[in-house]
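Worksheet: one structure, shown below.
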Amino acid sequence: MLRVPGHRLSSETEPDPAAALERLLSAALELQLEEGGLQSVLLSNQDETDEVREAKREILTTWQGVLARARETGVVRADIDAPRLQRLVCGVEHAARLGPRDDRDVLLAVLLRGIRA
């Protein structure tokens, strides 16, 4: 969880909304693949500590900001919100774990294409 703020900053400061979205989703997928229990923490409604609750709030705020910019510029579908996108990334994480490492980029590209406006 400690790496999340760095990914957050790089996504938020990227001037191109499409690139910011791709950077955010790529970093999220990488982090979830590296941290095996992160998916359950992110999707849980039960926050164990104030630190976890705050980290989840930061993540959601970042996702909402990047998505808002992407929607405003016509990059992403209007019906994609942060919780849906987080669940989609969790699905891609699961699929990536089932196949070889080379699948990650293909699966991420499919996700990105599927959410485009």
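Assorted remarks:
- Annotation note: Cβ proximity below 7 Å between a residue of region 22-37 that is under 19 Å from Ala82 (Cβ atoms) and a residue that is part of a loop (DSSP other than H, G, I, E, B) and open to solvent by less than 50 Å² (accessible area, probe 1.4 Å) (sequence gap 6+ or interchain) occurs for Arg23/Glu14.
- Checking Ala28 against (1) surrounded by 12 or more Cβ atoms within 10 Å (Cβ to Cβ); (2) part of a loop (DSSP other than H, G, I, E, B); (3) at pLDDT below 90, the condition it does not meet: (2)
This table checks each residue for (1) touching a Lys or Arg at 6+ places or on another chain (Cβ under 9 Å); (2) loosely packed, with under 14 Cβ neighbours inside 10 Å.
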residue	(1), (2)
Ile59	yes, no
Leu67	no, no
Glu72	no, yes
Ala78	yes, yes
Gly91	no, yes
Arg104	no, no
Leu108	no, no
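The values are calculated or read from the model by the stated rules, or taken from the named source; none is laboratory data. This one's a predicted model, so the numbers in the text were calculated from it and none came from an experiment. Quick reminder, even Gly has a Cβ in these numbers, built from the backbone with ideal geometry, and neighbours come from all protein chains shown. Ligands, DNA and RNA are stripped out before the accessible areas are found, and what is left, the full protein with its side chains, is counted by its heavy atoms. Shrake-Rupley method; radii C 1.70, N 1.55, O 1.52, S 1.80 Å.
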